[in-house]
Amino acid sequence: MSMGKRRIAVLVSGGGTNLQALIDAQGRGEIVNGEISIVISSAPGVYALERAKNAGIHNCVLDRKNYPSSQAMTAALVEKLKEFSIDLVVMAGFMTIVTHELFEVYNNAVINIHPALIPSFCGKGAYGLHVHEQALAYGVKISGATVHFVTEECDSGPIILQQAVDVLPDDTPEALQRRIMEQCEWKLLPQAVSLFCQGRLAVEGRVVHILP
Ligand code: GRF
């Protein structure tokens, strides 16, 4: 492992509040031994790109519509990641399907944030507000967020960090989503990224050990 800072790519598709949390954490010196080198969006015109520009971070669009298949899009993504010598890929609200070629190059080096306590309310159809609708309909008393390594199977890679919040009696999906973002996601994602960049995540099967 080289001594230089780990180079991070953040993949986005939308508003980018999790990207903003990473940018702010970096500004406070909390991404130890890492730097955000590029922001890649799967769609043009999203606000996450403005956040990257405002922070002076290199950014680009890989529009899924310009590729004939998920495989072709993934190939272009991998090429871009290699071009920027990326060590860690962070999916922060990235809504596009990628294929196994990414994980062959970036084995245990792609992480994602999911707005529920995996293995609850995850997998197919569990994205955006649907996750919180499912949690409220099930009647759980806590929910939260999970940062995990991404593998080929959706939402089932090794778990890095989780944090819970209470579900309140009058919660709407929007209110629960907001509470989970503020109290869990915006803290956990920068923490997990910093741990990775310090070489403090050891993966054994599906268990992630956090090294001192
Ligand atoms: C977050 O809720 C995240 O957990 C999920 O997608 C949402 C992205 O929001 N994977 P933002 O673009 O970071 O604001």
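Identify the residue in the range 174-198 that is open to solvent by less than 70 Å² (accessible area, probe 1.4 Å) and over 18 Å from the mean Cα position of the chain (by Cα) and, among all such residues, is nearest to Pro158 (Cα to Cα).
It comes out as Leu176.
Can Lys141 be described as more than 25 Å from Ala25 (Cα to Cα), at pLDDT below 95 and open to solvent by 40 Å² or more (accessible area, probe 1.4 Å)?
no
Name the residue that is nearest to Cys197 (Cα to Cα), counting only residues in the range 144-153 that are open to solvent by less than 80 Å² (accessible area, probe 1.4 Å) and in a loop (DSSP other than H, G, I, E, B).
Once the filter is applied, the top-ranked residue is Val150.
Checking Asn112 against (1) touching a helix residue (DSSP H, G or I) at 6+ places or on another chain (Cβ under 8 Å); (2) within 16 Å of the ligand (Cβ to nearest atom): exactly one of these is not met. Which one?
The failed condition is (1).
Pairs, please: C-beta under 7 Å, at least 6 apart or cross-chain, first residue at positive phi and in the range 6-20, second open to solvent by 10 Å² or more (accessible area, probe 1.4 Å) and among the hydroxyl-bearing types (Ser, Thr, Tyr)?
Gly16/Tyr47
Taking Ile31 as the residue in question, decide whether it is open to solvent by less than 20 Å² (accessible area, probe 1.4 Å), assigned to a loop (DSSP other than H, G, I, E, B), touching a residue at least 40 places away in the same chain (Cβ under 8 Å) and of a type outside the set (S, T, N, Q).
yes
Could you look through the range 157-173, keep only residues that are among the hydrophobic types (A, V, I, L, M, F, W, C) and surrounded by 16 or more Cβ atoms within 10 Å (Cβ to Cβ), and pick out the one that is farthest from Asn18 (Cα to Cα)?
Going through the qualifying residues, I end up with Val167.
What tally of residues in the range 64-94 results from selecting those that are among the charged types (D, E, K, R) and surrounded by 13 or more Cβ atoms within 10 Å (Cβ to Cβ)?
The number of residues fulfilling the criteria is 3.
Got a sec? Which of Phe121, Phe84, Phe94 is under 18 Å from Arg6 (Cα atoms) and of a type in the set (Phe, Trp, Tyr)?
So the residue among Phe121, Phe84, Phe94 that is under 18 Å from Arg6 (Cα atoms) and of a type in the set (Phe, Trp, Tyr) is Phe84.
Would you mind stating whether Leu88 is in contact with a helix residue (DSSP H, G or I) (Cβ under 6 Å, 6 or more places away or on another chain) and touching a residue at least 40 places away in the same chain (Cβ under 8 Å)?
yes
The values are calculated or read from the model by the stated rules, or taken from the named source; none is laboratory data. Values in this document were obtained by computation on a predicted structure and should not be read as measured data. Quick reminder, even Gly has a Cβ in these numbers, built from the backbone with ideal geometry, and neighbours come from all protein chains shown. For accessibility, only protein heavy atoms count, side chains too; no ligands or nucleic acids. Shrake-Rupley method; radii C 1.70, N 1.55, O 1.52, S 1.80 Å.
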